[in-house]
Structure formats: C-alpha cells, structure tokens
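Asker: Okay, handing you the structure first.
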Amino acid sequence: MSVRTLQRTPLALAILFAFAPAVHAQTDSTRLKTDPDSVPTVVVSASTLGVLEDDMITPVTSLSGGALVRARESTIGETLANQPGITSSHFGAGASRPVIRGMDGPRVKILSDGAEVQDASTISPDHAVGFEPVLAEPIEVLRGPSAPAYGGGPPCSVVWRRDGGLAVGHVETVPHLLALPVTAGPDGTRIAVEGETARTLAPGAVLETPETFIAAHRGDCFGPLRAYGRVMAERGLAPGKPNDECFEPNWCAWGYERMFTVDQMVATLPKVRELGIKWAVLDDGWQTAEGDWYLHPEKFPRGDADMKALVQKIRAEGLKPKLWIAPLAVDPGTDLLRHHTDMLLLDANGAVQDVTWWNAFYLCPAYPETLERTKALVRKIFGEWGWSGLKIDGQHLNGVAPCYNPAHKHARPEESVEQLQNFWKEIYDTALAIDPDAVIELCPCGTSYAFHNMIGQNQSVASDPLSSWQIRLKGKVLKAVGGPDFAYSGDHVELSTGGDDFASTVGIGAIPFTKFTWPVDPKPKDSFLLTPEREVVWRKWFDLYRAKMLSRGDYRGDLYDIGFDRPEAHAVAKDGRMHYCFYADRHDGEVELRGLPAGEHRVTDLWSGRTLGTVSARQPKLRAKFERFLFVEAAPAGGAA
C-alpha cells in the first residue's frame, strides 16, 4: 500500500496515478526464487502504520505529554481547537465545546475514563463542560467511519495546505474493506490506503492489491474529488442522472414527526403549493414497522384505499408525492423476522448485526430474497399506490459487514459488502421502469455518502446536517464527485444553523427543502410552525431559488479554498453570469469575485436588491459589510438586468 507525507514544499502540478501492483509472496524481503513446490506457505498481511486491525479504522487525534501542555487551555473546546478538523464553540468565557467536522452538541460525546460527562452543555451552549482539561492525560478524539460504524464516504482522502495537497484512495468499481487513515504530527500529515485482511499465499501465488491512486494538487479537496469522479464515471460508475423533477423544492411532513396524522399533512398542502414547492414527502410513521411495511391501521384504516386517496390529494394540489422507506432494516417482533430469519445478515459467530439508532437488524443485500422483497415493495409504492419518488433513509445505508449466514451460500463473506451497490441500483431501476421521472433520494442519516451506492440515486441531500457549515462542505464534496449536473439539497432548512439559513443551500446551487408545520403545530416544544414572520422569509427564498435556479448551474468549486479563504465563498456560473455567496458571522472588508469573464460586471445583492458596484477580472474586489451571508450576482455591465 502507499503512504505519503505532506512536506513543506510547494506543489505545482496536479498528478493522477492509477496502479494495480502485483505483490509476490516473499521471505526476508527477498523474492522467492526457489522451486515453488519446495517452499512453505507464506501468510501475507500489511499495516503501514503498524496498528491493530480494530485501531486501523479509527482516525484518532491524541494529545499527551508536552503537546498537551502546549495546547492546554481553560476549556476542552479551546484545547482541541487547533487540531485538524476540530473547531470550538464560543459562548463567552468558560463555555466552549469541541466541534468535530461541523458536529457539535449531543453529536459529540465527551467521556472521562469511559463514562459520559453529564452536564447541560449538550443542550445549551452557554453552559460549561463539566470536565477539567488540566486534569486530563491524554485527550483522545475518536471520529470517522469506526465511530458510527456505518461505512465511509468516497474512498479518497485529501489533505492540503495553502500551497498544495495530496490525495490517496482506490478506484475499484466495488467497495473494499479498506481504511484511509489521516494522521497529523509535528513533521507533517500522513495519509494512506490500508487493508488488514490477512491472505494466505501458496508457493508461487500472487497477491494483487486494490487499484489505488495518489494525486498532488493545488486548492482544496474539490479538484482531486472531481478527478476521482471523472475516473469512476469512465469506469462505468457514476450517480444516476437527475431529471428535471430532481431539482424541484421539497416539503416533508417530518415536521409532525412519527405521530403525524393524515389530516395534518393534507391541511398543510395548500401552503406548500402557495410557496411554489413541488414535492410533498411522507416520512417515517406511515408503516407499522421496518421490514413488514404494513400500513399503520390508525392512519390508514381502509388500508391501500386510504394510501391511494392520500396520493390523490397530494396530486390534486398540483404536487408530486414522495414516500419514505428504510430498506435493509427489520425491527424486532415483525412478521418478517418471525418467518424469514434466512434474510438476516449474520456475523462469524452467527449473531445479528444491529442497526443501533433504529433498534433494528440488518438484512443481507446479497441474498436474492432480500432484493426481491424490496423490489416488490417498490413496485407496490409506484405501481399500486401511485407515488412518484422515494426518500431512502437510514444511517445504515452506506455499508454492511461481511455476511456469514449459511443460508445464503456466499462464495465469500465479503459478497454482502461488494453487492450493496447493486442492491441500490436494482431498487433505482425498478422505480424508473415504472416512472421514468421518478426521484430517488438516498439519505444516509448523519453520515457521509458511500460513493459506490450513488449509482442507485438521482438526488442527494446533506443527510441530517448539524450546522450550515456541514451543508456547504457536503455540497462541495458531492458536487465534486457527482459532476456538473448533480442534484444536491441542503436538507430541511430547519436543520441549518438558526433554523432558517437558506443562504447555505441556495447560495451554493443546492435545492431548498423544508419541513414546516401549518396552520398549527401540535408540539409546543421543538415547533416548526410557519409563522407569518417566517413565511415572509420562506417565500422570498423559494422565489429567489426559482428565479435563479442555481442548482442547474456550473458550481465552480475550483475558485475558492473552503479551508483557507475567508470569508468562506462559493461560486456558481449560470446564464452568462457569475453568482457568489460569502459566509461569515460578521465581515467588514473586501471580498474577491473570482472567475469573472472579460469586461466589466455590475454586482447586485440578490437578497436586498441593492447595486454594490462594478468589478472586472482585473479588479475583482469590492468592499462589503454583512452578517451571516452576502449573496450577489455579477452580470455584464452592458447586459440586461
């Protein structure tokens, strides 16, 4: 496998190397040259960093000794704030929690000697963490795929500085059980592609490692991820092509949560239509349980007839209906689990694999019965009930463990891992065979996207973001690997910072989603009621989205570095104009409009409607003062308004 260290030298060129080395069985680092029949069997395994298999997939930041003494501050958040991928929340002196890759609050657990630190800081940012960093030795941060244990994202790791970066990954057309660890140290940052599965080589046998690459690049992660997406597309692995319906805004009934009533959803539809939203989504709670997928008798007492009636009411409002499902999960106590234990994914000890958040068990995607039952459900949803889209949801979508269920007769346990992408593609093809304009959304709750599964979707979302920064970062990553016509949504705007940050979606060329309740919200706490004041904001953003449709534009992720440029900036080219959105808590100074064509361009603040001045490719800077965001359009000075 390969390891590269990021040194303190400029990198001037972007390079992409793909290779599939043949590794021969060796002893004492010398290739075997004797008669193969006289040579004993050799077991070959490798770990570049010399760590155990369980540790290898755990990206760890560890502070101890002198490094901890130098970094130590008065709070745990400030102590870790300078570590890669970690920032700190700020709410006055003494109140600071670590924010890891945009996740904060209850999504970042703080443990002391294995026990969770109990305090109010997870629910209220003005409370201090009940933990004293002066007494800690060491401080370890666990994150990445082994923390949620539900698979990784694109098999490509990227690290960069202002003057250059490196990326490594694999370009196999099926997923592999590999790790891409990133290790930061005082001498640089190490990235690698590693596998810990031992292989037994007979005399003269050859071990072929997965086809991997290394890329040197300028800028942030966008360039190497775009190159990775192009390479995979050339190999026949690309996300499903979006149709026009994929770019339409969505409203989801999840604002009412699982205890929704059909009457509540139907009563909200006129307001959904009035705001110019085109999709109405029925989320979790319509079914009795995952796995059985029976209609809930209290919500649909007449069964199929009531479900069809709901679809007709949605269509009568001029909306398109989308339905939530969570395939590959089966709940305890279901008929499916009672009568079809043969569908379960089992580990080497014969135990079930838990889907922890859902309190469910995994089904094996490589078992034909699992696939056929799921395809039958999809045919019922589209062909009988009349739905036009699917929201496929769950943090378990990204990856599965090797399956040892003897009923499946797998040639290798890893077949479950490698055939997961085919499972999603079959679901996708089944839906589009019934409705060619179907929208198939994959939403791997709170986790990153596994690239190989994206062949089974034509719409992506920020998948339960915990901050606006996550929405923008995921947008940049997914638009890079997905290509210029990729359909991406920032997910429900209520999940953004402040619950109303449409700018972090519309400003990067993403599709706005919402889950407001109206005309009443049955939940006095955690209400998503669309008040008259909020309706003014919602209406203005949906109108602006429709007027510009930047989701159909060319996202220019190459122009700004999301790690170093301040204020953070994103750009979209569309209809001969450049559109920019800048983000900062507060900014008073210059902003630079990069990528302008030749000539002068008039700059308009799209939110306020004010003209801000004139810029050109030679003089692209202007002075601006804003809070939260500045959303502008640069149009040729002699062109139409």
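The values are calculated or read from the model by the stated rules, or taken from the named source; none is laboratory data. Note that the structure is a prediction, hence the values are computed from the model and not measured. Counting neighbours? That spans all protein chains shown, and the Cβs are built from the backbone with ideal geometry, glycine included. In case anyone asks, the SASA skips ligands and DNA or RNA and just uses the protein heavy atoms, side chains included. Shrake-Rupley method; radii C 1.70, N 1.55, O 1.52, S 1.80 Å.
Asker: When the residues of the range 529-539 are filtered to those that are open to solvent by 40 Å² or more (accessible area, probe 1.4 Å) and in contact (Cβ under 8 Å) with a residue 24 or more places away in the chain, which remaining residue is nearest to Arg273 (Cα to Cα)?
Answerer: Out of the qualifying residues, it is Arg539.
Asker: Let me ask another. Just for strands (runs of 3 or more DSSP E) wholly inside the range 123-238: which have at least 2 residues that are of a type outside the set (D, E, K, R) and at pLDDT below 80? Outline the logic, then answer.
Answerer: Working: elements: 139-142, 156-161, 164-170, 182-185, 188-192, 199-201, 206-208, 212-217.
By residue number, 139-142.
Asker: Yes or no: Gly276 touching a Phe, Trp or Tyr at 6+ places or on another chain (Cβ under 6 Å) and surrounded by fewer than 17 Cβ atoms within 10 Å (Cβ to Cβ)? Spell out the reasoning first.
Answerer: Values: touching a Phe, Trp or Tyr at 6+ places or on another chain (Cβ under 6 Å): yes; surrounded by fewer than 17 Cβ atoms within 10 Å (Cβ to Cβ): yes.
For Gly276, the condition - touching a Phe, Trp or Tyr at 6+ places or on another chain (Cβ under 6 Å) and surrounded by fewer than 17 Cβ atoms within 10 Å (Cβ to Cβ) - is met.
Asker: Right, next: Just to be sure I understand, how many residues within the range 163-192 are touching a helix residue (DSSP H, G or I) at 6+ places or on another chain (Cβ under 7 Å) and either surrounded by fewer than 21 Cβ atoms within 10 Å (Cβ to Cβ) or hydroxyl-bearing (Ser, Thr, Tyr) (or both)? First the steps, then the outcome.
Answerer: Filtering the range 163-192 down to residues touching a helix residue (DSSP H, G or I) at 6+ places or on another chain (Cβ under 7 Å) leaves 167, 169, 171, 174-175, 177, 179, 181.
With either surrounded by fewer than 21 Cβ atoms within 10 Å (Cβ to Cβ) or hydroxyl-bearing (Ser, Thr, Tyr) (or both) added as a condition, the list becomes 171, 174, 177.
Looking only at that region, the number is 3.
Asker: I'd like to check something: does the range 250-268 contain any residue that is outside any strand (DSSP E or B), among the basic types (Lys, Arg) and within 30 Å of the chain's Cα centre (by Cα)? Give the derivation first.
Answerer: Taking the range 250-268 and keeping what is outside any strand (DSSP E or B), we get 253-268.
Then drop every residue that is not among the basic types (Lys, Arg), which leaves 258.
Restricting the remaining residues to those that are within 30 Å of the chain's Cα centre (by Cα) gives 258.
Yes, the range 250-268 contains at least one residue that is outside any strand (DSSP E or B), among the basic types (Lys, Arg) and within 30 Å of the chain's Cα centre (by Cα).
Asker: Also, quick follow-up: Looking at this structure, is Tyr583 within 27 Å of the chain's Cα centre (by Cα) and in a helix (DSSP H, G or I)?
Answerer: Numbers: within 27 Å of the chain's Cα centre (by Cα): yes; in a helix (DSSP H, G or I): no.
Judged against the criteria, Tyr583 is not a match.
Asker: On to the next question. How many of the residues in the range 551-568 are in a loop (DSSP other than H, G, I, E, B), in contact with a helix residue (DSSP H, G or I) (Cβ under 8 Å, 6 or more places away or on another chain) and of a type in the set (Asp, Glu)? I'd like the intermediate steps shown before the answer.
Answerer: From the range 551-568, those in a loop (DSSP other than H, G, I, E, B) are 553, 556-567; that's our starting set.
Pick out the ones that are also in contact with a helix residue (DSSP H, G or I) (Cβ under 8 Å, 6 or more places away or on another chain) and you get 557-558, 562.
Remaining after also requiring of a type in the set (Asp, Glu): 558.
Within the range 551-568, residues that are in a loop (DSSP other than H, G, I, E, B), in contact with a helix residue (DSSP H, G or I) (Cβ under 8 Å, 6 or more places away or on another chain) and of a type in the set (Asp, Glu) number 1.
Asker: Need the failing condition index for Gly223 against (1) surrounded by fewer than 16 Cβ atoms within 10 Å (Cβ to Cβ); (2) farther than 30 Å from Ala433 by Cβ, just the number.
Answerer: Every listed condition holds for Gly223 apart from (1).
Asker: Only residues that are aliphatic (A, V, I, L, M), open to solvent by 10 Å² or more (accessible area, probe 1.4 Å) and in contact with a strand residue (DSSP E or B) (Cβ under 6 Å, 6 or more places away or on another chain): list them for the range 597-619, please.
Answerer: Scanning the range 597-619 gives Leu606, Leu612.
Each row is one residue, and each column tells you yes or no for (1) buried (at least 24 other Cβ atoms within 10 Å of the Cβ); (2) within 17 Å of the chain's Cα centre (by Cα); (3) not in a loop (DSSP other than H, G, I, E, B).
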position	(1), (2), (3)
Pro484	no, no, no
Gly490	yes, yes, yes
Glu494	no, no, yes
Gly498	no, no, yes
Gly509	yes, yes, no
Val520	no, no, no
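Asker: Condition check: on the phi < 0 side of the Ramachandran plot and at pLDDT 95 or above. Does Asp575 satisfy that?
Answerer: Working: on the phi < 0 side of the Ramachandran plot: no; at pLDDT 95 or above: yes.
Considered against the rule, which asks whether it is on the phi < 0 side of the Ramachandran plot and at pLDDT 95 or above, Asp575 comes out as no.
Asker: Going through the range 443-468 one residue at a time, which ones are hydrophobic (A, V, I, L, M, F, W, C), at pLDDT 95 or above and either open to solvent by 10 Å² or more (accessible area, probe 1.4 Å) or under 15 Å from Val99 (Cβ atoms) (or both)?
Answerer: Matches in the range 443-468: Ile455 only.
Asker: With respect to Ala411, determine if the residue is without any contact (Cβ under 8 Å) to a residue 24 or more places away in the chain, in a loop (DSSP other than H, G, I, E, B) and open to solvent by 40 Å² or more (accessible area, probe 1.4 Å). Can you show your working first?
Answerer: Working: without any contact (Cβ under 8 Å) to a residue 24 or more places away in the chain: yes; in a loop (DSSP other than H, G, I, E, B): yes; open to solvent by 40 Å² or more (accessible area, probe 1.4 Å): yes.
Spelling it out, Ala411 is indeed without any contact (Cβ under 8 Å) to a residue 24 or more places away in the chain, in a loop (DSSP other than H, G, I, E, B) and open to solvent by 40 Å² or more (accessible area, probe 1.4 Å).
Asker: Return yes or no: is Asp354 of a type in the set (Asp, Glu) and over 25 Å from the mean Cα position of the chain (by Cα)?
Answerer: Working: of a type in the set (Asp, Glu): yes; over 25 Å from the mean Cα position of the chain (by Cα): no.
So Asp354 does not fit the description; no.
Asker: For residues that are at positive phi and touching a helix residue (DSSP H, G or I) at 6+ places or on another chain (Cβ under 6 Å), scanning just the range 286-305, find the one that is least open to solvent (accessible area, probe 1.4 Å).
Answerer: Restricting to residues being at positive phi and touching a helix residue (DSSP H, G or I) at 6+ places or on another chain (Cβ under 6 Å), the top hit is Gly291.
Asker: Shifting gears a bit: Return the residues of the range 620-639 that are among the small types (Gly, Ala, Ser) and either within 23 Å of Val537 (Cα to Cα) or open to solvent by less than 30 Å² (accessible area, probe 1.4 Å) (or both); say none if nothing qualifies.
Answerer: Applying the first criterion (among the small types (Gly, Ala, Ser)) to the range 620-639 yields 624, 634-635, 637-639.
Within the range 620-639, Ala624, Ala634, Ala635 qualify.
Asker: When you go through Ile381, Ile434 one by one, which is the residue that is among the hydrophobic types (A, V, I, L, M, F, W, C), closer than 30 Å to Ala309 by Cβ and touching a Gly at 6+ places or on another chain (Cβ under 7 Å)? If you could, list the steps in order and put the result at the bottom.
Answerer: Values: Ile381 fails: touching a Gly at 6+ places or on another chain (Cβ under 7 Å).
Only one candidate passes the filter, namely Ile434.
Asker: Of the conditions (1) over 28 Å from Gly399 (Cβ atoms); (2) free of Cβ contacts under 8 Å to residues at least 60 places away in the same chain; (3) polar (S, T, N, Q), Thr517 satisfies every one except a single condition; which number is it?
Answerer: All conditions pass for Thr517, except number (2).
Asker: Related question: Which residues, taken from the range 311-333, are touching an Asp or Glu at 6+ places or on another chain (Cβ under 8 Å) and either part of a strand (DSSP E or B) or under 17 Å from Tyr367 (Cβ atoms) (or both)? Talk me through it step by step, then tell me what you get.
Answerer: Kept after step one, since they are touching an Asp or Glu at 6+ places or on another chain (Cβ under 8 Å), are these residues of the range 311-333: 320, 322, 324-326, 329-331.
Those that are touching an Asp or Glu at 6+ places or on another chain (Cβ under 8 Å) and either part of a strand (DSSP E or B) or under 17 Å from Tyr367 (Cβ atoms) (or both): Lys320, Lys322, Trp324, Ile325, Ala329, Val330.
Asker: So, one more: Applying the selection to the range 416-442, what residues are of a type outside the set (A, V, I, L, M, F, W, C) and either more than 20 Å from Cys364 (Cα to Cα) or modelled with pLDDT under 95 (or both)?
Answerer: Asp435, Pro436, Asp437, Glu441, listed by residue number.
Asker: Among the residues of the range 391-407, is there at least one that is hydroxyl-bearing (Ser, Thr, Tyr), touching a Leu at 6+ places or on another chain (Cβ under 8 Å) and in a helix (DSSP H, G or I)?
Answerer: Going residue by residue through the range 391-407, those that are hydroxyl-bearing (Ser, Thr, Tyr) are 404.
Next, from what is left, pick out any that are touching a Leu at 6+ places or on another chain (Cβ under 8 Å): 404.
Filter once more, so that each one left must be in a helix (DSSP H, G or I): none.
Looking through the range 391-407, none of the residues is hydroxyl-bearing (Ser, Thr, Tyr), touching a Leu at 6+ places or on another chain (Cβ under 8 Å) and in a helix (DSSP H, G or I).
Asker: I would also like to ask the following. Only residues that are of a type in the set (D, E, K, R) and modelled with pLDDT of 95 or more: list them for the range 239-267, please. Talk me through it step by step, then tell me what you get.
Answerer: To start, the set of residues in the range 239-267 that are of a type in the set (D, E, K, R) comprises 241, 244-245, 248, 257-258, 263.
Matches in the range 239-267: Lys241, Asp244, Glu245, Glu248, Asp263.
Asker: A further question on this structure: Can you pull out every residue in the range 542-583 that is within 18 Å of Gly276 (Cα to Cα) and open to solvent by less than 10 Å² (accessible area, probe 1.4 Å)? Lay out the reasoning, then the answer.
Answerer: At the first step, the residues of the range 542-583 found to be within 18 Å of Gly276 (Cα to Cα) are 542-552.
The answer is Phe542, Tyr545, Leu550, Ser551.
Asker: Restricting to the range 337-371, name every residue that is open to solvent by 10 Å² or more (accessible area, probe 1.4 Å), part of a helix (DSSP H, G or I) and touching an Asp or Glu at 6+ places or on another chain (Cβ under 8 Å).
Answerer: Answer for the range 337-371, where residues must be open to solvent by 10 Å² or more (accessible area, probe 1.4 Å), part of a helix (DSSP H, G or I) and touching an Asp or Glu at 6+ places or on another chain (Cβ under 8 Å): Leu337, Asp342, Glu369, Leu371.
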